[in-house]
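To start, the structure under review is shown below, and the notes come after it.
The values are calculated or read from the model by the stated rules, or taken from the named source; none is laboratory data. None of these values were measured; they are calculated from a predicted model. No Cβ is skipped: glycine too gets one built from the backbone with ideal geometry, and neighbour counts run over all protein chains shown.
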Amino acid sequence: MLIKLVDHIDLNEAYAYLNSPDAGAVNLFVGTVRNQTKGKEVVHLDFEAYDAMALKQMEQVANQAMQKWPLVKVAVIHAVGAKEPGTPVVVVGVSSAHRDASFEACRFLIDELKKTVPIWKKEYFEDNSVWVNAHP
Amino acid sequence: MLLIRISLTDNRQQTTDNRQQTTMKILLFGITREIVGQSKLNIPANAGIDTVRSLKNWLGKQYPAMQTLSSLAVTVDSEYAEDEDAIHAEQEIALIPPVSGG
């Protein structure tokens with residue numbers, strides 16, 4: 001498994017890691033910075049992680065995916081720091097013999113990552129900034 | 001298994017206090033770091049905190065803004081803890097406001 005926190009996401013690195021002669025499918029989900037939230041322009045985002053625990057949780061989610069589907073390889077990579085609109089901030093990817101497992105596993109990886117991994121996103125607008133999800 | 005950490009934060013507890021009355025150190029992230037105004041909070045031993053619940057109650061009184069959050073989890077040595085779990089100063093304790101990665 002490739003589990004990392006990085007300053008910059010390298011999609012080629014994720015693909016190179018996942019691709020394997022044993023696999024007939026490589027599936028990557030890439031989460032990127034959207035330029036607006038509820039119609040308000042986002043200038044940039046800032047990601048902060050509880051590094052040690054985030055890596056542990058990312059590894060746990062990857063292990064769960066390995067148990068649920070017959071996967072060849074799994075990669076979970078998240079960026080930290082300031083990110084401009086259009087920039088990739090998270091990559092989850094798998095390789096597997098057949099495509100169904102790869103689609104399902106990727107969906108599972110990103111959904112679980114969003115629920116459990118201690119990473120926080122702050123959105124900066126022209127006139128203010130907000131920690132996403134912090135308040136009801 | 002390949003585990004690599006590229007970015008380092010300065011939040012890790014580096015030293016252990018050997019005095020009998022040890023100060024509990026709480027790591028803070030995201031909005032909890034901003035509410036407190038620092039990345040680590042020292043809680044005096046005489047605050048009487050011995051469970052996750054007592055920590056949350058103390059925080060709510062000291063920092064009323066904590067009560068406005070959608071949720072507030074506590075981790076002990078990088079595992080999510082329940083309100084009734086015991087905590088002590090030698091553990092790595094952290095506040096986890098609502099996560100928003102991805």
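Within region B:20-39, how many residues turn out to be in a loop (DSSP other than H, G, I, E, B) and either of a type in the set (Phe, Trp, Tyr) or under 13 Å from the mean Cα position of the chain (by Cα) (or both)? Spell out how you get there, then give the answer.
So in region B:20-39, the residues in a loop (DSSP other than H, G, I, E, B) come out as B:20-23, B:28-29, B:37-39.
Filter again for either of a type in the set (Phe, Trp, Tyr) or under 13 Å from the mean Cα position of the chain (by Cα) (or both), leaving B:23, B:28-29, B:38-39.
Residues in region B:20-39 being in a loop (DSSP other than H, G, I, E, B) and either of a type in the set (Phe, Trp, Tyr) or under 13 Å from the mean Cα position of the chain (by Cα) (or both): 5 in total.
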query = Going through region B:69-100 one residue at a time, which ones are under 15 Å from residue B:41 (Cβ atoms) and in a loop (DSSP other than H, G, I, E, B)?
reply = B:72, B:87, B:89, B:91, B:92, B:97
key: Within region B:82-102, tally of residues that are under 11 Å from the mean Cα position of the chain (by Cα) and either within 14 Å of another protein chain (Cβ to nearest Cβ) or under 17 Å from residue A:48 (Cα atoms) (or both)   = 7
task = Take residue A:123 and decide whether it is away from chain B (no Cβ under 13 Å), surrounded by fewer than 22 Cβ atoms within 10 Å (Cβ to Cβ) and either more than 16 Å from the chain's Cα centre (by Cα) or in a strand (DSSP E or B) (or both).
result = no
Considering residues of region B:67-78 that are within 8 Å of another protein chain (Cβ to nearest Cβ) and farther than 17 Å from residue B:54 by Cβ only, the residue surrounded by the most Cβ atoms within 10 Å (Cβ to Cβ) = B:69
ask   = Of the residues A:73, A:68, which is more than 14 Å from the chain's Cα centre (by Cα), exposed (fewer than 14 other Cβ atoms within 10 Å of the Cβ) and not β-branched (Val, Ile, Thr)?
value = A:68
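Are there any strands (runs of 3 or more DSSP E) wholly within region A:49-115 with 2 or more residues that are free of Cβ contacts under 8 Å to residues at least 60 places away in the same chain, and if so which?
So the answer is A:71-79, A:81-83.
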ask   = Is it fair to say residue A:20 is of a type in the set (Ser, Thr, Tyr), surrounded by fewer than 20 Cβ atoms within 10 Å (Cβ to Cβ) and outside any strand (DSSP E or B)?
value = yes
remark   = residue A:58: passes all of (1) within 7 Å of chain B (Cβ to nearest Cβ); (2) surrounded by 19 or more Cβ atoms within 10 Å (Cβ to Cβ); (3) under 12 Å from the mean Cα position of the chain (by Cα) but (1)
task = Select from region A:23-48 the residues that are part of a loop (DSSP other than H, G, I, E, B) and surrounded by 15 or more Cβ atoms within 10 Å (Cβ to Cβ) and write down the one among them that is farthest from the other protein chains (Cβ to nearest Cβ).
result = A:23
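Hey, among the residues in region A:84-115 that are of a type in the set (Ser, Thr, Tyr) and surrounded by 19 or more Cβ atoms within 10 Å (Cβ to Cβ), which one's farthest from residue A:42 (Cα to Cα)?
At the first step, the residues of region A:84-115 found to be of a type in the set (Ser, Thr, Tyr) are A:87, A:95-96, A:102.
Filter once more, keeping what is surrounded by 19 or more Cβ atoms within 10 Å (Cβ to Cβ): A:95-96, A:102.
Numbers: A:95: 34, A:96: 36, A:102: 32 Å.
Result: A:96.
Does residue A:13 fit the bill of being more than 19 Å from residue A:117 (Cβ to Cβ), among the acidic types (Asp, Glu) and surrounded by 15 or more Cβ atoms within 10 Å (Cβ to Cβ)?
Numbers: more than 19 Å from residue A:117 (Cβ to Cβ): yes; among the acidic types (Asp, Glu): yes; surrounded by 15 or more Cβ atoms within 10 Å (Cβ to Cβ): yes.
When the stated conditions are applied, residue A:13 passes them.
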key: Those residues of region A:19-59 which are of a type outside the set (Val, Ile, Thr), in contact with a Ser or Thr (Cβ under 7 Å, 6 or more places away or on another chain) and within 16 Å of residue A:78 (Cβ to Cβ), in sequence order   = A:51, A:52, A:53, A:56, A:57
ask   = In this structure, does residue B:39 turn out to be within 30 Å of residue A:1 (Cβ to Cβ), touching a Leu at 6+ places or on another chain (Cβ under 6 Å) and modelled with pLDDT under 95?
value = no
